[in-house]
Amino acid sequence: MPKLKLDAHLYDRAKKAAEIAGYSSVDEFIIHVIEKELAQLEAPEGEADEKVQERLRGLGYIE
Amino acid sequence: MAYQKNKLNRRQFIKSTAATAAALTTGLNALSGCGGSGKGGPKKAPKVIVIGVDGMDPRLAERLMAAGKMPHLAQLAQAGGYHPLGTSIPPQSPVAWACFINGAGPGSHGIFDFIHRDPHRQCLPFYSAAETTAAAGGWEIGSHKVPLTFWPFNHQQSQTVLRRAGTPFWDYLDEAGIESTFYDLPSNYPPSRSKHGHHRCLSGLGVTDLLGTYGTYQHFAEDGPVRPVEGGGYRHSWLFFENDSAPAELIGPTNDFLIEPKQTTINFQVHRDRASQAAAVDIQGKKILLRPGQWSGWIKLDYPLSMPAVMPDKHISGICRFFLQEVGPNFRLFVSPINIDPSAPAVRITEPEDFATDISDKLGLFYTTGFQEDHKALTTRMFNEDEFIEQAEYVLQERLNLLEYALQDYDEGLLFFYFSSTDLQAHMLWWDSDAAHPTRGSDAAQYCFNHVQDLYHRLDARIGEIIKQYGDEAAIFILSDHGFANFGRQFNLNTWLRDNGYLHPAHCTALLPTGAAGQVGPDWLGTRAYGLGINSLYLNLAGRERDGIVKPGQEKEDLLNELTAKLLAVRDADGRNVIRAVHRTDQVYSGDHTALAPDLVIGYRRHYRASWATCLGDITREVLLDNDSAWSADHCADVSEVPGILFCNRPIKHKSPALWDLAPTILAEYGLPPGGDMIGRNIFTT
């Protein structure tokens with residue numbers, strides 16, 4: 001499994017945050033954060049775009 | 001009725017603490033001519049009253065004045081206080097009112113159409129005047145996100161941001177210590193902040209409903225669709241009665257505290273009594289009894305937003321009105337868009353925040369959405385004309401009550417009050433031609449247009465009362481942002497661009513394909529121009545559009561000239577020109593905020609407008625089509641076709657006043673110079 005290097009200070013901050021948030025380990029916390037960010041970056045934009053267009057149709061000037 | 005002002009709100013607090021600073025800066029200079037300390041206490045700032053009548057048309061107003069139907073405004077006109085008012089390119093309300101606000105053209109405020117596009121996402125559209133960002137981050141527990149704002153959770157609330165750029169003219173009044181109050185102001189949502197506490201505003205056009213839309217009504221009927229059908233501005237549902245009772249569900253705001261955000265709902269029951277022709281709506285402990293044709297008053301709704309078990313649920317308050325259309329044989333119940341509750345606003349709709357509750361404390365509940373008339377219900381045929389007129393009349397009456405409140409609360413400085421009735425009623429009811437109306441017979445079309453004329457007459461009467469009451473002590477302006485014209489034929493700009501080889505491929509059917517069967521999207525690497533919004537044409541410009549191919553410089557110049565010439569030559573089947581003018585924005589716009597401007601603005605002749613389909617990039621077979629909608633009048637034409645009106649209780653000396661001239665004129669009333677970006681000039685000077 002690939003390993004990542006973290007700055008010691010960043011690791012300490014992540015460790016504290018993992019404890020506050022109730023994660024069982026720093027690894028679990030970091031994996032969760034990365035997954036969440038990736039999910040946002042990789043999310044298809046289609047649904048949100050369609051919602052925006054639907055909203056614009058409600059202006060009246062567009063049917 | 002006298003309104004008490006006995007509580008120290010945020011505005012008063014800011015004013016009390018800022019008073020010394022204001023007096024020591026520009027305020028001292030500004031007020032020296034009209035106030036300051038003196039015998040008998042501080043003098044008050046002069047009164048200036050501005051009445052905005054959206055869409056009031058000079059042709060109709062002049063005809064009615066000549067016929068004696070608008071005697072009070074006619075009196076102003078006879079005294080030299082009338083002129084058609086120059087409007088913006090294009091004459092769309094968000095663009096035009098922002099010009100009024102900045103005292104300058106669109107290049108100063110950055111709003112060019114109802115709809116803008118993101119060139120980096122190859123023309124994805126968005127509402128031009130405000131932007132709503134989704135919530136992000138937070139601490140995830142089970143199915144919820146807890147809004148912890150500190151690292152590493154970094155929760156960011158969903159928020160709406162005003163996109164209008166530049167400096168609104170009231171900022172100069174605010175800085176000078178002069179009070180200004182605006183009711184239903186367009187192009188100012190969320191309302192801009194008052195730095196010195198002398199400015200109040202209730203936002204108008206642009207304010208959404210609780211669903212985050214520009215007004216979505218909900219309709220329940222026995223012959224409704226089994227699965228709810230939703231579209232832009234409506235939701236149609238089926239009601240199934242058992243023993244004359246039927247369950248129903250009212251959708252509400254989205255719960256962003258869920259990891260997978262979900263729309264909230266309120267379950268309610270409908271009971272009917274066919275024998276006595278009545279129904280009861282049973283919702284959240286309230287029982288509303290209605291007869292066919294009867295509207296309820298405003299009903300408060302409490303939408304709970306579930307939170308993790310360790311935290312109490314949050315609540316959002318909305319308001320709606322129920323309208324029973326029919327008990328039988330086909331039960332039909334209409335529910336207005338869920339408005340933001342002004343007595344407990346879930347989002348900020350006023351500046352200061354407690355201005356909304358101050359008004360509501362005295363007036364009760366009222367429409368807060370920017371579009372208050374339920375126009376969508378008429379275009380979807382859920383309303384007939386009389387039902388629309390009745391609802392629109394309620395809006396007008398509510399606003400007349402608000403005007404009464406505004407005047408009683410008014411003591412000094414600037415008062416701005418806005419009426420939407422002249423715009424949205426005209427869109428739906430105006431038709432001043434012998435030609436066939438898109439959806440009505442000639443008698444019905446005349447009946448509806450008579451209502452518009454009667455509306456002008458009644459507003460003239462109310463304005464006459466204001467002139468009588470304040471004419472001796474206040475400068476009074478009545479203005480509209482544009483006029484009106486029949487909308488009989490529609491022009492699909494994108495079809496025209498495709499058929500003339502500017503938009504590829506030749507069988508393209510949509511700029512923004514949704515994935516529907518049979519749709520063909522554009523080949524951007526072969527597309528040189530596209531239309532988006534109501535009057536906007538964009539080049540697919542290299543270096544600006546993500547997939548741009550038109551080179552800046554000579555290629556761009558040649559293409560703009562070629563498009564302009566060809567568009568001006570477009571003729572309808574009967575030989576009429578369709579387009580009056582094509583405006584190059586690099587020639588007509590100036591200012592620091594032109595980055596999102598289109599390259600060309602299409603100025604249609606009266607009777608024509610952009611087609612319904614082309615505004616969001618849909619391409620129809622025909623370039624020119626009949627308008628088939630009850631939305632049968634419009635103003636998104638050429639700037640020269642639909643000027644607004646300007647009345648004043650003093651002679652207007654400016655030979656061609658325009659919207660941007662009002663701000664410097666108002667500032668001059670207080671001895672203040674025009675703001676730095678303003679291009680307008682005082683209408684009382686030649």
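The values are calculated or read from the model by the stated rules, or taken from the named source; none is laboratory data. The model shown is predicted, which means the values in this text are computed figures rather than measured ones. Here Cβ is always computed from backbone atoms with ideal geometry, including for glycine, and neighbour counts include all displayed protein chains.
Only one of B:Gly575, B:Gly548, B:Gly533 is part of a loop (DSSP other than H, G, I, E, B), within 14 Å of chain A (Cβ to nearest Cβ) and either out of contact with any Leu (no Cβ under 8 Å at 6 or more places or on another chain) or closer than 22 Å to B:His120 by Cβ (or both); which?
Values: B:Gly575 fails: within 14 Å of chain A (Cβ to nearest Cβ); B:Gly548 fails: within 14 Å of chain A (Cβ to nearest Cβ).
Just one listed residue meets the conditions, B:Gly533.
Which residues, counting only those in segment B:150-169, are of a type in the set (Val, Ile, Thr) and either surrounded by 13 or more Cβ atoms within 10 Å (Cβ to Cβ) or under 16 Å from A:Val33 (Cβ atoms) (or both)?
So the first thing to find is which residues in segment B:150-169 are of a type in the set (Val, Ile, Thr), and the list is B:160-161, B:167.
Answer for segment B:150-169, where residues must be of a type in the set (Val, Ile, Thr) and either surrounded by 13 or more Cβ atoms within 10 Å (Cβ to Cβ) or under 16 Å from A:Val33 (Cβ atoms) (or both): B:Thr160, B:Thr167.
Return the only residue of B:Leu415, B:Leu402 being within 25 Å of the chain's Cα centre (by Cα), at pLDDT 95 or above, aliphatic (A, V, I, L, M) and not in a helix (DSSP H, G or I). Steps first, please.
Numbers: B:Leu402 fails: not in a helix (DSSP H, G or I).
So the residue among B:Leu415, B:Leu402 that is within 25 Å of the chain's Cα centre (by Cα), at pLDDT 95 or above, aliphatic (A, V, I, L, M) and not in a helix (DSSP H, G or I) is B:Leu415.
Give segment B:94-131 a look and list any residue that's over 22 Å from B:Gly232 (Cα atoms) and polar (S, T, N, Q), or say none.
Those that are over 22 Å from B:Gly232 (Cα atoms) and polar (S, T, N, Q): B:Asn102, B:Ser108, B:Gln122.
Would you check which residues across segment B:215-251 are in a loop (DSSP other than H, G, I, E, B), among the acidic types (Asp, Glu) and surrounded by fewer than 13 Cβ atoms within 10 Å (Cβ to Cβ) and list them?
In the first step, residues of segment B:215-251 are kept if they are in a loop (DSSP other than H, G, I, E, B); the result is B:215-216, B:222-228, B:232-233, B:239-241, B:243-244.
When the remaining residues are screened for being among the acidic types (Asp, Glu), the result is B:222-223, B:244.
If the condition is that a residue be in a loop (DSSP other than H, G, I, E, B), among the acidic types (Asp, Glu) and surrounded by fewer than 13 Cβ atoms within 10 Å (Cβ to Cβ), then B:Asp223 is the only one that fits.
Considering each of B:Leu624, B:Leu596 in turn, give the residue that is away from chain A (no Cβ under 14 Å) and more than 22 Å from B:Ala565 (Cβ to Cβ). Spell out how you get there, then give the answer.
On the way: B:Leu624 fails: more than 22 Å from B:Ala565 (Cβ to Cβ).
Just one listed residue meets the conditions, B:Leu596.
Does B:Gly197 satisfy being within 14 Å of chain A (Cβ to nearest Cβ) and surrounded by 22 or more Cβ atoms within 10 Å (Cβ to Cβ)? Walk me through it before giving the result.
On the way: within 14 Å of chain A (Cβ to nearest Cβ): no; surrounded by 22 or more Cβ atoms within 10 Å (Cβ to Cβ): yes.
In short, no.
Taking segment B:128-141 only, how many residues are within 11 Å of chain A (Cβ to nearest Cβ), touching a residue at least 40 places away in the same chain (Cβ under 8 Å) and not in a loop (DSSP other than H, G, I, E, B)?
Qualifying residue count for the region: 3.
I'd like to check something: does segment B:242-253 contain any residue that is without any contact (Cβ under 8 Å) to a residue 12 or more places away in the chain and out of contact with any helix residue (DSSP H, G or I) (no Cβ under 9 Å at 6 or more places or on another chain)? Walk me through how you get there before you give the answer.
In the first step, residues of segment B:242-253 are kept if they are without any contact (Cβ under 8 Å) to a residue 12 or more places away in the chain; the result is B:242-243.
Remaining after also requiring out of contact with any helix residue (DSSP H, G or I) (no Cβ under 9 Å at 6 or more places or on another chain): B:242-243.
The answer is yes; a qualifying residue exists.
Only one of B:Leu173, B:Leu148 is within 13 Å of another protein chain (Cβ to nearest Cβ) and at negative phi; which?
B:Leu148
Mind checking whether some residue in segment B:605-621 is over 21 Å from B:Pro119 (Cβ atoms), within 14 Å of chain A (Cβ to nearest Cβ) and crowded, with 24+ Cβ neighbours inside 10 Å? Even if it seems obvious, please write down each step before you answer.
Residues of segment B:605-621 over 21 Å from B:Pro119 (Cβ atoms): B:605-609, B:611-613, B:620-621.
Now drop any that are not within 14 Å of chain A (Cβ to nearest Cβ), which leaves B:609, B:611-613, B:620.
Cutting the leftovers down to crowded, with 24+ Cβ neighbours inside 10 Å gives us B:609, B:611.
The answer is yes, given that some residue of segment B:605-621 is over 21 Å from B:Pro119 (Cβ atoms), within 14 Å of chain A (Cβ to nearest Cβ) and crowded, with 24+ Cβ neighbours inside 10 Å.
Let's see how each residue does on (1) assigned to a helix (DSSP H, G or I); (2) among the hydrophobic types (A, V, I, L, M, F, W, C):
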{"site": "B:Cys636", "(1), (2)": "no, yes"}
{"site": "B:Pro651", "(1), (2)": "no, no"}
{"site": "B:Asp661", "(1), (2)": "yes, no"}
{"site": "B:Leu667", "(1), (2)": "yes, yes"}
{"site": "B:Asp677", "(1), (2)": "no, no"}
{"site": "B:Asn682", "(1), (2)": "no, no"}
{"site": "B:Thr685", "(1), (2)": "no, no"}
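Across segment B:495-519, which residue is nearest to B:Val582 (Cα to Cα) among those that are at pLDDT below 95 and among the hydrophobic types (A, V, I, L, M, F, W, C)? Break it down into steps so the answer makes sense when it comes.
Start the filter on segment B:495-519 by keeping residues that are at pLDDT below 95, which leaves B:512-519.
Okay, now just the ones that are also among the hydrophobic types (A, V, I, L, M, F, W, C), so B:512, B:516-517.
Details: B:Leu512: 25, B:Ala516: 34, B:Ala517: 35 Å.
Selected residue: B:Leu512.
So which residues in segment B:212-226 are modelled with pLDDT of 95 or more and not hydroxyl-bearing (Ser, Thr, Tyr)? It would help to see each step written out before you state the result.
First, the residues of segment B:212-226 that are modelled with pLDDT of 95 or more: B:215-225.
Listed by number, the residues that qualify are B:Gly215, B:Gln218, B:His219, B:Phe220, B:Ala221, B:Glu222, B:Asp223, B:Gly224, B:Pro225.
What number of residues within segment B:252-276 satisfy the criterion of being assigned to a loop (DSSP other than H, G, I, E, B) and farther than 30 Å from B:Gln156 by Cα? Give the steps one after another, and end with the answer.
Step one: filter segment B:252-276 for residues assigned to a loop (DSSP other than H, G, I, E, B), giving B:256-257, B:259-261, B:274-276.
Applying the additional criterion that residues be farther than 30 Å from B:Gln156 by Cα yields B:274-276.
Within segment B:252-276, residues that are assigned to a loop (DSSP other than H, G, I, E, B) and farther than 30 Å from B:Gln156 by Cα number 3.
Got a sec? Which of B:Leu493, B:Leu532 is under 17 Å from A:Arg57 (Cβ atoms), buried (at least 19 other Cβ atoms within 10 Å of the Cβ) and under 29 Å from the mean Cα position of the chain (by Cα)?
Values: B:Leu493 fails: under 17 Å from A:Arg57 (Cβ atoms).
Checking each option against the conditions leaves just B:Leu532.
Can you give me the ranges of the strands (runs of 3 or more DSSP E) entirely in segment B:277-351 with at least 2 residues that are farther than 15 Å from B:Ile266 by Cα and either modelled with pLDDT under 95 or touching a Lys or Arg at 6+ places or on another chain (Cβ under 9 Å) (or both)? I'd like the intermediate steps shown before the answer.
Values: elements: B:278-283, B:286-290, B:299-305, B:314-320, B:322-326, B:332-335.
So the answer is B:278-283, B:322-326.
Please tell me if B:Leu415 is of a type outside the set (Asp, Glu), in contact with a Phe, Trp or Tyr (Cβ under 7 Å, 6 or more places away or on another chain), farther than 24 Å from B:Gln490 by Cα and surrounded by 15 or more Cβ atoms within 10 Å (Cβ to Cβ). So that I can check it myself, show each step before the final result.
Details: of a type outside the set (Asp, Glu): yes; in contact with a Phe, Trp or Tyr (Cβ under 7 Å, 6 or more places away or on another chain): no; farther than 24 Å from B:Gln490 by Cα: yes; surrounded by 15 or more Cβ atoms within 10 Å (Cβ to Cβ): yes.
Here the answer is no, as B:Leu415 does not meet what is asked.
Identify, from the list B:Asp113, B:Asp209, B:Asp184, the residue that is modelled with pLDDT of 95 or more, within 12 Å of chain A (Cβ to nearest Cβ), within 20 Å of B:Glu353 (Cα to Cα) and outside any helix (DSSP H, G or I).
Details: B:Asp113 fails: within 20 Å of B:Glu353 (Cα to Cα); B:Asp184 fails: within 12 Å of chain A (Cβ to nearest Cβ).
Only one candidate passes the filter, namely B:Asp209.
Regarding segment B:191-201, can at least one residue be identified that is assigned to a strand (DSSP E or B) and in contact with a Gly (Cβ under 8 Å, 6 or more places away or on another chain)? Show your work before the answer.
In the first step, residues of segment B:191-201 are kept if they are assigned to a strand (DSSP E or B); the result is B:199-201.
Subsequent filtering for residues that are in contact with a Gly (Cβ under 8 Å, 6 or more places away or on another chain) retains none.
So far as segment B:191-201 goes, no, none of its residues is assigned to a strand (DSSP E or B) and in contact with a Gly (Cβ under 8 Å, 6 or more places away or on another chain).
Has segment B:164-177 got any residue that is among the hydroxyl-bearing types (Ser, Thr, Tyr) and assigned to a loop (DSSP other than H, G, I, E, B)?
Looking only at segment B:164-177, we keep the residues that are among the hydroxyl-bearing types (Ser, Thr, Tyr), and these are B:167, B:172.
When the remaining residues are screened for being assigned to a loop (DSSP other than H, G, I, E, B), the result is B:167.
Yes, some residue in segment B:164-177 is among the hydroxyl-bearing types (Ser, Thr, Tyr) and assigned to a loop (DSSP other than H, G, I, E, B).
Could you please give the count of residues in segment B:370-388 that are more than 12 Å from every other protein chain (Cβ to nearest Cβ), surrounded by 20 or more Cβ atoms within 10 Å (Cβ to Cβ) and either of a type in the set (Gly, Ala, Ser) or part of a helix (DSSP H, G or I) (or both)?
Counting residues in segment B:370-388 that are more than 12 Å from every other protein chain (Cβ to nearest Cβ), surrounded by 20 or more Cβ atoms within 10 Å (Cβ to Cβ) and either of a type in the set (Gly, Ala, Ser) or part of a helix (DSSP H, G or I) (or both) gives 1.
Need the failing condition index for B:His504 against (1) within 14 Å of chain A (Cβ to nearest Cβ); (2) touching a Pro at 6+ places or on another chain (Cβ under 8 Å); (3) closer than 22 Å to B:Ala610 by Cβ, just the number.
Going through the list (1) within 14 Å of chain A (Cβ to nearest Cβ); (2) touching a Pro at 6+ places or on another chain (Cβ under 8 Å); (3) closer than 22 Å to B:Ala610 by Cβ, B:His504 breaks only (1).
When you look at B:Asp434, is it within 14 Å of chain A (Cβ to nearest Cβ) and either farther than 23 Å from B:Phe220 by Cα or outside any loop (DSSP other than H, G, I, E, B) (or both), yes or no?
Values: within 14 Å of chain A (Cβ to nearest Cβ): no; either farther than 23 Å from B:Phe220 by Cα or outside any loop (DSSP other than H, G, I, E, B) (or both): yes.
Against the criterion (within 14 Å of chain A (Cβ to nearest Cβ) and either farther than 23 Å from B:Phe220 by Cα or outside any loop (DSSP other than H, G, I, E, B) (or both)), B:Asp434 does not qualify.
Look through B:Arg489, B:Arg498 and report the one residue that is assigned to a strand (DSSP E or B) and in contact (Cβ under 8 Å) with a residue 12 or more places away in the chain.
Only one candidate passes the filter, namely B:Arg489.
Tally the residues that are surrounded by fewer than 13 Cβ atoms within 10 Å (Cβ to Cβ) and either under 32 Å from the mean Cα position of the chain (by Cα) or over 20 Å from B:Phe241 (Cα atoms) (or both), restricting the search to segment B:263-283.
Total satisfying the criteria: 3.
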